[in-house]
Amino acid sequence: MKEYKVINIITLSLILLISIIAAHIENLSRVNVVAYTWGSRGTIVQQIQQKLSEWGYYKKDIDGVYGQDTWLAVKTFQQDNNIRVDGIVGDATLSKMGILFGNIAYAASGNTYTWGSTGETVKEIQRKLRSWGYYSGAVDGDYGYETWLAVRKFQSKNGLKVDGVVGGQTLQNLGIQTGGSSGNVSREVNLVAAAINGESRGEPYEGMVAVGAVILNRTKSGKFPTTIAGVIYQPGAFTAVDDGQINLAPSRQSINAAKDALNGWDPTGGCIYYWNPGTATSKWIWSRDIVTKIGKHYFGK
């Protein structure tokens, strides 16, 4: 009888232990484990390649694309450093390379963005920083080293806490609102965005901002109405008003472009005219001094 009780206790203990292990494994499966392997892309892959290149393991381009050459270099590095040889750069390999994530405050939730963040808001941060001369990298929505440095420069210049983290204060100083929809956009922004959407849909982002800048420049020129609505709805001024495209719901990109223009970005350098040379029918417009070309549009004064 005693032996039977002992067996029962052991069995119950094993069941309990297995349950605990299973629960632990389930919890682990919910954790976002940082790992890079064949097919991964981005600035962290560039750092991996840079490290491997410095140490003689990698001889190819540092392009941020984890392909066969990177994979082979990682395997050799792992073998030389007594790490499991699988070509996957996980925590152990990252730590051995000196690429430490523990010191970086990742944006897990809320309106906070830093190294490792991705998405449209990161693109908007990069666009702002680039337009103001802080950032010269690609507007790709990937918050890497160059973006981090640019944010720190911006923060230092604007009297903000210099930590490379774009939180509420930095977002506000950048003129970026997150979490809202077009229904929360001010009437002024929405009107400029509608004009941009109708006039320059399909143009590069800078070209969209440029159209918004022309509208604003006209209000200050002394040659046009002094209000945004007055400029946009001046008879014959904009094709989008004539053909009704002004009434289409503006895209998110158009809204962002309108905000950038209203916040002072003027890629045209003060121009008050623009036209598409492929479709312009007015001979008079060609008498304007051409300042720049962005996308398909000429901009002039």
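Rule-based calculations on the coordinates, nothing more; no lab input. Treat the numbers as computed from the prediction; the structure is a model and nothing was measured. Heads up, the Cβs are rebuilt from the backbone with ideal geometry, glycines too, and the neighbour counts pull from every protein chain shown.
Give me the Å³ per residue figure for the convex hull around the C-alpha atoms of the stretch 157-301. If you can, show how the numbers build up before the last one.
Numbers: hull volume 18.7 nm³, N = 145.
Convex hull of Cα atoms, per residue: 129 Å³.
How would you rank W115, W38, W71, going from fewest to most other Cβ atoms within 10 Å of each one's own Cβ? Present the calculation step by step, with values, prior to reporting the outcome.
On the way: W115 21, W38 13, W71 18.
Final ranking by Cβ density, sparse to dense: W38, W71, W115.
Over 21 Å between Cα atoms, which of K59/K123; K128/K223; K75/K96 qualify?
Values: K59/K123 31 Å; K128/K223 30 Å; K75/K96 13 Å.
Violating the 21 Å limit, Cα to Cα: K59/K123; K128/K223.
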### Nonlocal amide H pairs with Y36, under 5 Å, H built at 1.01 Å
V89, G90
### Query
Which whole-Hz couplings ³J(HN,Hα) result when phi for each residue of the stretch 57-70 is put into the Karplus expression 6.51 cos²θ - 1.76 cosθ + 1.60, θ = phi - 60°, listed in order with x for Gly and Pro?
7, 10, 10, 9, 5, 8, 10, x, 10, 7, x, 4, 5, 5
### Query
Among Y274, Y36, Y57, what is the fewest-to-most ranking by other Cβ atoms within 10 Å?
Y57, Y36, Y274
## Note on the structure
Mean Cβ-within-10 Å packing, highest first, puts peptides 138-147, 285-294, 193-202 in the order 193-202, 138-147, 285-294
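With the contact rule set at Cα under 8 Å and sequence spacing of 6 or more, what percent relative contact order holds for the stretch 43-97? It would help to have the intermediate numbers written out before the result.
Values: 48 pairs, mean separation 15.8, N = 55.
This gives 29 percent for the stretch 43-97.
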#### Entry: Amide hydrogen neighbours beyond the local backbone of I294, cut-off 5 Å, H modeled
F299
### Query
Please state the relative contact order of the stretch 120-174 as a whole percent: Cα pairs under 8 Å, 6+ residues apart?
28
### Query
Over the Cα atoms of the stretch 43-97, what Rg and Dmax result, in angstrom?
9.8, 27
